[in-house]
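Below you'll find the structure, written out as structure tokens, and then a few comments.
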Amino acid sequence: MNHNLFALFQSRFPSDRSKPFIETAGGRTYTYAEAEQASGRFAGLLGKLGVQPGDRLAVQVEKSPEAVFLHLASLRLGAVYLPLNTAYRAAEMKHFLSDAEPKVLVCRPEDEAERGALAHDRGVARVLSLDGEGHGSLVEDSAGLDADYPTAETGPDEIAALLYTSGTTGKPKGAMLSHHNLSSNLLTLHRAWGWNSADVLLHALPLFHTHGLFVALGCVLLNGTSMLFLPKFDVGQTLRLLPRATVFMGVPTHYVRLLAHSGLNRDACRTMRLFVSGSAPLLEETFRAFTQRTGHTILERCGMTETCMNMSNPLDGERIAGTVGPPLPGIEARITGTEGKALAVGDTGMLEVRGPNVFKGYWRQAEKTAAEFRDDGFFITGDLARIDERGYVSIVGRAGDMIISGGYNVYPKEVEAVIDALEGVAESAVVGLAHSDFGEAVVAVVRRQEESGGPSEGEIIAAVKRDLANYKVPKRVFFTGELPRNSMGKVQKNVLRESFAKTFSTPPEIQ
Ligand code: MCA
């Protein structure tokens, strides 16, 4: 049996390949035949460029149907797909390209010169381009190639994708996801969420993270049906297309913004059967407001880059606000205290999970991988949680200082390193403060070497904007003469969160 994820997807394509797969916001439709042929041609080109099974394929491109076909091509080749957030700046890309050592990089045409130089300096054999409209050397150079590319035979534990997730030390680590990690989890989700032949997904998520690339796109591919495909989330476009969809997946910010628009009502949701939320905690007020407004109860689930999905509220059964539901079938969850001892039902501690969905480890980081697994194979998620008597899991916090802003993980150390390197800055502490749109917003508290001298708030924000992805940039920078520390000398970020929460004004109401 070929465990290649593409082979599984292809086995579920409609026998009539002329069936629609993607309909873009502009109304253009791509069939399953086009997906099969384009991904075959792309695989043929990448193979000609020397991409072998196990080689990394780095991709930093705008969301487009061709980007989906490129992901399928990578799977067909048995290559390791490395999707990169389009907001990543050159400084971040240097790390990814040095660490992953991809054979080929596919980037936006406008980035080709700068990213191309970075890539060549790090031994990348070839740089191809792809823009949001489906043009670029990837498409041109593969145009005449044979579309019938034989899917590589892969074992279940071979790596299908490498997704970087920052670490508390600030340097992102590559999470290795195998073909079986993904196929087992997607088949579980497809069943658990009741996918059927009438389903149409409204896809408004980016394609460079688990939620949009595996959970949303993967369920559609397993279902062999179509999706309405937005280049990025837009409230108006979403409301326009909802009456033609049956399933929507989003982060809490999507739901907050939809609720802020008077166009969200029962009529707009008349064809919908399922709204899924994840990537960040859904506020109970958002959960309730959405039910009141639309009559639909959001299904909140929980996952990680390292595990894809772990828990989910039930499709049929009570969906409880503030919980992410019980573990999915085939996945075990437990709460542990110090030294990994299992705690009693209802107690709060570290959430650990075990199952076929749990990744193969961090790329070239054996020690960090070992540190995050127990001897019995449970993965230490870093989330603080409790499990109630019905088995429903509630995430109550995070062990580290990680901030989740609009569904993206932000690790304070990465931002603090940029600020601390600035002339005139003595030290900084980055925390997440409540934000009505993004859930949490990145905020920096800075102690300057001189009370009055040193960089201004605007200069600090500009400096971070230069080096890091836009969503990591502090929304505010506050100055202080002293950072609060505990007896061990560790900065007390909880104290900062309390003292600055009052001063951090929430943004003007969204439309
Ligand atoms: C954009 N901005 C943000 C964010 N996104 N600021 C903080 N947090 C964000 N997430 C800022 C930009 O820097 C810019 O500021 C301004 O907002 C407008 O940028 P734009 O790109 O237009 O923003 P947007 O279109 O409003 O995007 C907000 C968004 C987006 C739709 C919530 O962030 C998004 O699509 N989030 C989804 C993330 C996701 O897919 N997460 C799944 C990860 P300025 O103008 O000052 O530069 S997978 C995962 O978490 C696990 C595995 C799981 O369980 O799913």
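Structure summary
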{"item": "Which numbered condition W363 fails, given (1) under 19 Å from the mean Cα position of the chain (by Cα); (2) open to solvent by less than 40 Å² (accessible area, probe 1.4 Å); (3) within 13 Å of the ligand (Cβ to nearest atom)", "result": "(3)"}
{"item": "Residue list for region 401-426, filter: touching a Leu at 6+ places or on another chain (Cβ under 9 Å) and at positive phi", "result": "G407"}
{"item": "Count - residues of region 441-480 that are assigned to a strand (DSSP E or B), within 16 Å of the ligand (Cβ to nearest atom) and surrounded by fewer than 20 Cβ atoms within 10 Å (Cβ to Cβ)", "result": "1"}
{"item": "Test: N223 is away from the ligand (no atom under 12 Å from the Cβ), more than 15 Å from the chain's Cα centre (by Cα), open to solvent by 20 Å² or more (accessible area, probe 1.4 Å) and not hydrophobic (A, V, I, L, M, F, W, C)", "result": "yes"}
{"item": "Test: residue in region 203-214 that is touching a residue at least 60 places away in the same chain (Cβ under 8 Å) and farther than 23 Å from E158 by Cα", "result": "yes"}
{"item": "Residues that are within 16 Å of the ligand (Cβ to nearest atom), surrounded by fewer than 19 Cβ atoms within 10 Å (Cβ to Cβ) and in a strand (DSSP E or B), drawn from region 420-439", "result": "A434"}
{"item": "Identity of the residue in region 23-54, touching a strand residue (DSSP E or B) at 6+ places or on another chain (Cβ under 7 Å) and within 30 Å of D157 (Cβ to Cβ), that ends up surrounded by the most Cβ atoms within 10 Å (Cβ to Cβ)", "result": "L46"}
{"item": "Residues of region 137-194 classified as open to solvent by 50 Å² or more (accessible area, probe 1.4 Å), under 25 Å from R41 (Cβ atoms) and not charged (D, E, K, R), total", "result": "4"}
{"item": "Residues satisfying the stated conditions in region 14-38, i.e. of a type outside the set (D, E), at pLDDT 95 or above, over 25 Å from the mean Cα position of the chain (by Cα) and not in a helix (DSSP H, G or I)", "result": "P14, S15, R17, S18, K19, P20, R28, T29, T31"}
{"item": "Residue match in region 46-53 (condition: in a helix (DSSP H, G or I) and of a type outside the set (K, R))", "result": "yes"}
{"item": "Unique residue being in a loop (DSSP other than H, G, I, E, B) and either under 28 Å from A321 (Cα atoms) or within 16 Å of the ligand (Cβ to nearest atom) (or both) when the list is R390, R386", "result": "R390"}
{"item": "Residue check for V353: in a strand (DSSP E or B) and modelled with pLDDT of 95 or more", "result": "yes"}
{"item": "Failed condition for S98, given (1) crowded, with 24+ Cβ neighbours inside 10 Å; (2) out of contact with any Gly (no Cβ under 8 Å at 6 or more places or on another chain); (3) of a type outside the set (K, R)", "result": "(1)"}
{"item": "Only listed residue being touching a Lys or Arg at 6+ places or on another chain (Cβ under 6 Å) and of a type outside the set (S, T, N, Q), chosen from V443, V477, V464", "result": "V443"}
{"item": "Leading residue by the ranking (surrounded by the fewest Cβ atoms within 10 Å (Cβ to Cβ)) among those in region 321-343 that are in contact with an Asp or Glu (Cβ under 9 Å, 6 or more places away or on another chain) and under 28 Å from G295 (Cβ atoms)", "result": "G322"}
{"item": "Residues satisfying the stated conditions in region 91-147, i.e. part of a helix (DSSP H, G or I), within 25 Å of G78 (Cβ to Cβ), acidic (D, E) and touching a helix residue (DSSP H, G or I) at 6+ places or on another chain (Cβ under 7 Å)", "result": "D141"}
{"item": "Among residues of region 229-249, those that are without any contact (Cβ under 8 Å) to a residue 24 or more places away in the chain and either near the ligand (Cβ under 10 Å from one of its atoms) or buried (at least 17 other Cβ atoms within 10 Å of the Cβ) (or both), counted", "result": "0"}
{"item": "Cross-chain or 6+ apart pairs with Cβ under 8 Å, region 22-41 first and free of Cβ contacts under 8 Å to residues at least 24 places away in the same chain, then of a type in the set (K, R)", "result": "T31/R17; T31/K19; A33/R17"}
{"item": "Checking Y471 against (1) modelled with pLDDT of 95 or more; (2) over 25 Å from N85 (Cα atoms); (3) in contact with a Ser or Thr (Cβ under 8 Å, 6 or more places away or on another chain), the condition it does not meet", "result": "(2)"}
{"item": "Subset of region 1-21 (residues that are over 30 Å from P243 (Cβ atoms) and touching a residue at least 60 places away in the same chain (Cβ under 8 Å))", "result": "N2, H3, N4, L5, F6, A7, L8, Q10"}
{"item": "From the options A417, A342, A399, residue that is hydrophobic (A, V, I, L, M, F, W, C), at pLDDT below 95, touching a Lys or Arg at 6+ places or on another chain (Cβ under 9 Å) and away from the ligand (no atom under 16 Å from the Cβ)", "result": "A342"}
{"item": "T297, sole failed condition from (1) closer than 22 Å to G236 by Cα; (2) surrounded by fewer than 21 Cβ atoms within 10 Å (Cβ to Cβ); (3) out of contact with any Lys or Arg (no Cβ under 9 Å at 6 or more places or on another chain)", "result": "(3)"}
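The values are calculated or read from the model by the stated rules, or taken from the named source; none is laboratory data. For clarity, every value in this text was computed on a predicted model and none was experimentally measured. Note that each Cβ is placed from the backbone with ideal geometry, even for glycine, and that neighbours are counted across all protein chains shown. The accessibility values were calculated without ligands, DNA or RNA, using every heavy atom of the protein model including side chains. Shrake-Rupley method; radii C 1.70, N 1.55, O 1.52, S 1.80 Å.
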